[in-house]
1. Quick one: is residue 62 surrounded by 10 or more Cβ atoms within 10 Å (Cβ to Cβ), part of a loop (DSSP other than H, G, I, E, B) and over 10 Å from the mean Cα position of the chain (by Cα)?
2. Suppose we filter 32, 56, 36, 5 for residues that are surrounded by fewer than 11 Cβ atoms within 10 Å (Cβ to Cβ) and either modelled with pLDDT of 90 or more or part of a helix (DSSP H, G or I) (or both); which single one remains?
């Protein structure tokens, strides 16, 4: 007989850690403005899987663009990821 293994999911607050940058989902207007500003299409953006813990916490769905705000001692940087 084979036993079926149960998959256990643990809920962890990924945004509670000090090394995790601030993230937010862009609105459709924000997404259009971003693509126009940098003259790129969605396919040119770096990707983020919808199974990523941060994407799950944000409730991001494929097609959303996530804005990531990173900060270092000299400046603040914005990065963008397309959820796939």
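1. In short, yes.
2. On inspection, the qualifying residue turns out to be 36.
The values are calculated or read from the model by the stated rules, or taken from the named source; none is laboratory data. The shown structure was predicted, so the numbers you read here are calculated from the model rather than taken from an experiment. Virtual Cβ from ideal backbone geometry, glycine too; neighbours counted across all protein chains shown.
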